[in-house]
Amino acid sequence: MQLDTIFAPASGAGRSAVAVVRISGPVTRDAVARIAGRVPAPRQATLAALRHDDTVLDRALVLWFPGPASFTGEDSAEFQLHGGRAVVAAVLRALAAVPGCRPAEPGEFTRRAFLNGKLDLGAVEGLADLIDAQTEAQRRQALRQLDGALGRWVEILREDLLAALALAEGAIDFADEDALVAAFEAELEALVAGVSRRIAAELDREGRGLRLRDGLAVAIAGPPNAGKSTLLNALAGREVAIVSAQAGTTRDPLTVDLELGGYPVQLIDTAGLRDTDDAVEREGIARARARAASADLVLWLHPADRPAAPDVATAGTVWTVATKSDLGAGQGGDHTVSALTGSGLDGLVAALERFAADALVDGEGAVVTRLRHRTALNAAQASLVRIGAERGARDFELVAEDLRGAVAALAGLVGQIGTEDVLGAIFARFCIGK
Ligand code: GDP
């Protein structure tokens with residue numbers, strides 16, 4: 001099947017110094033020749049005047065990447081343009097006029113890279129995470145994933161399962177020879193147990209991998225007027241870099257993403273959780289509420305002179321924080337602060353950094369960073385658990401069947417076999433041009 005040639009801006013929308021437009025597919029060479037007047041040497045930045053209908057659109061750098069040694073595996077090219085909107089628009093119009101060229105769908109370049117075997121599904125997800133990464137730890141985790149950490153891990157398990165499958169088939173073929181079957185069975189049992197143990201260990205660590213992607217959730221709770229919003233603002237405004245704030249109302253952020261010691265932390269302001277008629281705000285509040293309910297850490301605030309015992313339902317850790325210490329000493333909590341004078345804030349931030357590092361440091365080695373991974377591993381694990389009983393009953397046909405099931409679950413994890421809807425869901429998350 002002859003694929004279309006696709007094109008899209010690969011850099012962000014809006015005005016910028018340089019904008020990148022990428023092209024991939026069979027007629028890329030023609031498109032470059034037509035617009036740039038010639039096809040430059042492979043992988044060398046070459047300055048050229050871009051033309052359409054005898055008009056010069058821009059003087060730009062042109063890069064030509066013949067397949068298969070390109071990101072997508074197809075013939076592809078890049079125009080590095082001056083970043084004005086009109087320049088980009090004119091070049092996109094020129095490309096649209098080339099027969100066989102059409103604008104790309106979101107994630108379509110990456111999908112082609114995947115289909116051409118340039119990336120496995122774990123790496124595709126790593127690439128998506130790398131584009132979204134906001135903190136150092138997230139960047140490192142995403143890069144490991146892009147480097148194929150998940151694929152390598154799965155490959156080792158798969159080899160052991162295929163070896164076990166060969167043994168199960170041997171036990172079927174030589175069913176009459178008891179000594180041989182016993183030897184096969186012992187080896188098979190050891191292989192399956194080893195794989196099962198490694199999957200269980202990864203599933204145990206999985207929480208950390210997921211949290212590293214999403215940020216550690218820290219909820220700020222306490223009675224009205226305890227100083228929740230003020231503390232959030234003080235934390236967000238002082239020692240820590242705000243990565244992004246999601247507005248609840250036009251004035252108050254509900255959640256603030258911070259980078260603490262390189263780790264992602266999401267502060268949730270439960271004071272911002274109010275009743276509202278606005279549908280968008282309601283959705284934001286519902287999310288913040290759910291996130292607060294499952295927070296990793298709850299800061300329970302009360303004024304220093306008015307102690308209040310923590311009143312929150314959470315499976316996470318609770319720290320009491322005595323606020324407004326400038327108004328006079330009273331009963332202290334785990335931490336005592338004044339958002340007004342700044343007293344105690346450094347200590348609180350340092351404690352939060354230690355908490356984040358303890359909770360997340362292991363997550364960087366985790367290969368399971370998404371729900372999809374957990375689902376596949378659980379399916380593989382369920383097959384392996386059944387094998388124990390089947391082996392006991394000497395039913396090696398069923399053992400072989402379940403080993404194939406486990407191998408298929410692992411293959412689905414890296415996309416060696418994948419249903420179209422799983423692939424669709426993954427690639428739709430990308431922006432156009434990726
Ligand atoms: P929330 O309802 O828990 O979010 O509480 P707010 O952050 O809105 O604070 C309630 C009131 O306490 C406001 O008038 C704040 O200015 C005041 N307040 C908050 N923190 C401090 C503090 O450290 N010192 C003093 N003196 N007043 C504070």
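Would you call S196 surrounded by 16 or more Cβ atoms within 10 Å (Cβ to Cβ), within 13 Å of the ligand (Cβ to nearest atom) and not aliphatic (A, V, I, L, M)? Answer is no for this residue. Does R51 meet the test of being modelled with pLDDT of 95 or more and either open to solvent by 40 Å² or more (accessible area, probe 1.4 Å) or in contact with a Leu (Cβ under 6 Å, 6 or more places away or on another chain) (or both)? Taking the combined requirement at face value, the residue satisfies it. Just one of the listed residues (V312, V361) is modelled with pLDDT under 80 and closer than 25 Å to A137 by Cβ, namely V361. For region 319-339, a residue qualifies if it is assigned to a loop (DSSP other than H, G, I, E, B), modelled with pLDDT of 85 or more and within 12 Å of the ligand (Cβ to nearest atom), and the qualifying residues are K324, V337, S338, A339.
If the condition is being more than 16 Å from the ligand (Cβ to nearest atom) and open to solvent by 60 Å² or more (accessible area, probe 1.4 Å), then region 202-237 contributes D204, R205, R208, R211, R213, D214. In region 299-315, the qualifying residues are those that are under 24 Å from E353 (Cβ atoms) and surrounded by 18 or more Cβ atoms within 10 Å (Cβ to Cβ), and the one that is farthest from the chain's Cα centre (by Cα) is A304. If the condition is being surrounded by fewer than 19 Cβ atoms within 10 Å (Cβ to Cβ) and of a type in the set (A, V, I, L, M, F, W, C), then region 11-26 contributes A13, A17, V18. On inspection, V56 does not qualify as open to solvent by less than 10 Å² (accessible area, probe 1.4 Å) and not basic (K, R).
Answer yes or no: is there a residue in region 70-85 that is farther than 27 Å from L413 by Cβ, open to solvent by less than 30 Å² (accessible area, probe 1.4 Å), touching a residue at least 60 places away in the same chain (Cβ under 8 Å) and in a helix (DSSP H, G or I). No.
Residue-level analysis places A382 among those that are at pLDDT 85 or above, closer than 27 Å to A149 by Cα, surrounded by fewer than 20 Cβ atoms within 10 Å (Cβ to Cβ) and of a type in the set (A, V, I, L, M, F, W, C). Being outside any loop (DSSP other than H, G, I, E, B) and open to solvent by 60 Å² or more (accessible area, probe 1.4 Å) is the requirement here; does R287 meet it? Judged against the criteria, R287 is a match.
Among residues of region 177-189 that are without any contact (Cβ under 8 Å) to a residue 12 or more places away in the chain, those with a beta-carbon under 6 Å from a residue that is part of a loop (DSSP other than H, G, I, E, B) and surrounded by fewer than 15 Cβ atoms within 10 Å (Cβ to Cβ) at least six positions away or on a different chain give the pairs L180/F174.
The values are calculated or read from the model by the stated rules, or taken from the named source; none is laboratory data. Keep in mind it's a predicted model, so treat the numbers as computed, not measured. Note that each Cβ is placed from the backbone with ideal geometry, even for glycine, and that neighbours are counted across all protein chains shown. Keep in mind that these areas ignore ligands, DNA and RNA; they rest on the heavy atoms of the full protein, side chains included. Shrake-Rupley method; radii C 1.70, N 1.55, O 1.52, S 1.80 Å.
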